[in-house]
Amino acid sequence: MRVLVTGGAGYIGSAAAAILLERGYEVTILDDLSTGHSELVAPGAKFVDGSLLQKAAVDSALEGVDAVIHFGAKSLVGESVQKPEIYWNTNVNGTRILLEAMREKGIKKIVFSSSAATYGEPKSVPITEGSETKPTNPYGASKLAVDYMLTSEAIAHEIGAISLRYFNVAGAYKSQSGWLTENHNPETHLIPNVLKATSDNPLKIFGADWPTADKTCIRDYVHVVDLIDAHIISLEKLIAGKHEIINLGCGSGYSVKQVVDAAAKTVGREIPFVVTDRRPGDPAVLIADISKAKNYLGWAPTRDLAVMVSDTWESQNVSNK
Ligand code: UFG
């Protein structure tokens, strides 16, 4: 089976492409390298350097493809508030172009990278796929729009689609050609920022006045390799005419301070931090109900927070200063 991995030069997409190849799939990658990195493109994959917005590039990337895993997107919450037009264009219009090209070629299988950001500030946790969707930023709204697009596409055109709603993805993958890890610019994610913290440049903890046990925010972290396993299983579970939405997390939460403590154990020193104001748009607690992932996909995460932190640490080879 040949799989098109959109966004295959990014953090999650590059690991997905490498794992697919190692498991015997043929892989094509479509990435415009606007946030991805050419050195992360899996050796052995066919690479198309182009954007989802360029129909000719999408057409060429779909040559000989049986199924699509669609990671390609803009994914910075803060940027989406400042420049929403980029999110509507790349995430929504880009997916519209991809679906149009798939329709023309008769490709009827897609696994989509959706997000917990579609839920917004939850009324209660754990969050199920039936919980209210009320995104608090254009990034989450754009992912929700694509979920709706896939539901209608499945009904009208008999495609099989699964949207996987990620909670907090972390960790790294050691592929045959080296570590594939997070390298965002700017880096906004907690675990890489914790591991980078120095006394001169301490971690900023965004608020220690939240309604949680230790007063810092709680998130549900899932290892990138477990996450990719769920995508590969999903490829085999697609049913023509059906769109399923499935949460991916660990089903339990860790506070920012618990992540800091786990990182201190891994690196063998205290993590310097300062407490700053809350970051606008952050919910207090996000925890996934992962019953559907377990029941529908037969998937369960196997790597805990300590593994996520140590893999990130090893992969980023952060020097102890
Ligand atoms: N945090 C800090 N300091 C930092 C970075 C993060 O205190 O330097 C805190 C945040 O306030 C939050 C937690 O650590 O409480 C996790 O923050 P991340 O930025 O790592 O992740 P988010 O929960 O904000 O974001 C994740 C995904 C997004 C998605 C969002 C949905 O990475 O793609 O969940 O809420 F949109």
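The values are calculated or read from the model by the stated rules, or taken from the named source; none is laboratory data. Owing to the predicted nature of the structure, the values given are computational and were not obtained by experimental measurement. Cβ: placed from backbone, ideal geometry, glycine included. Neighbour counts: every protein chain shown.
Listed values, structure above:
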{"read-out": "Odd one out for LEU195, checked against (1) under 30 Å from ASN295 (Cα atoms); (2) over 19 Å from the mean Cα position of the chain (by Cα); (3) aliphatic (A, V, I, L, M)", "value": "(1)"}
{"read-out": "Residue in region 240-262 that is at pLDDT 95 or above, surrounded by 15 or more Cβ atoms within 10 Å (Cβ to Cβ), part of a loop (DSSP other than H, G, I, E, B) and over 19 Å from the mean Cα position of the chain (by Cα) present", "value": "yes"}
{"read-out": "Inter-residue pairs, beta-carbon under 6 Å, first over 16 Å from LEU286 (Cβ atoms) and in region 227-250, second among the aromatic types (Phe, Trp, Tyr), 6+ apart", "value": "ALA230/TRP299; ILE233/TRP299"}
{"read-out": "Elements of type strands (runs of 3 or more DSSP E) in region 159-223, at least 2 residues being farther than 19 Å from LEU286 by Cα and away from the ligand (no atom under 12 Å from the Cβ)", "value": "160-166, 173-175, 178-180"}
{"read-out": "Qualifying helices (runs of 4 or more DSSP H) (wholly inside region 1-106; at least 1 residues being under 30 Å from PRO280 (Cβ atoms))", "value": "11-22, 77-82, 84-87, 94-105"}
{"read-out": "Residue count, region 60-94 (criterion: without any contact (Cβ under 8 Å) to a residue 24 or more places away in the chain and small (Gly, Ala, Ser))", "value": "1"}
{"read-out": "Unmet requirement for ALA101, which otherwise passes all of (1) away from the ligand (no atom under 16 Å from the Cβ); (2) crowded, with 18+ Cβ neighbours inside 10 Å; (3) more than 26 Å from ARG23 (Cβ to Cβ)", "value": "(3)"}
{"read-out": "Any hit, region 81-88, residues being at pLDDT 95 or above, in contact with an Asp or Glu (Cβ under 9 Å, 6 or more places away or on another chain) and within 16 Å of the ligand (Cβ to nearest atom)", "value": "yes"}
{"read-out": "Unmet criterion (only one of (1) modelled with pLDDT under 95; (2) touching a helix residue (DSSP H, G or I) at 6+ places or on another chain (Cβ under 8 Å); (3) of a type outside the set (A, V, I, L, M); (4) within 16 Å of the ligand (Cβ to nearest atom)) for SER114", "value": "(1)"}
{"read-out": "Filtered residue count, region 110-148, keeping only those that are assigned to a loop (DSSP other than H, G, I, E, B) and either closer than 19 Å to LEU98 by Cα or not hydrophobic (A, V, I, L, M, F, W, C) (or both)", "value": "15"}
{"read-out": "Selection count where residues are away from the ligand (no atom under 15 Å from the Cβ), over 18 Å from the mean Cα position of the chain (by Cα) and not polar (S, T, N, Q), scope region 124-149", "value": "3"}
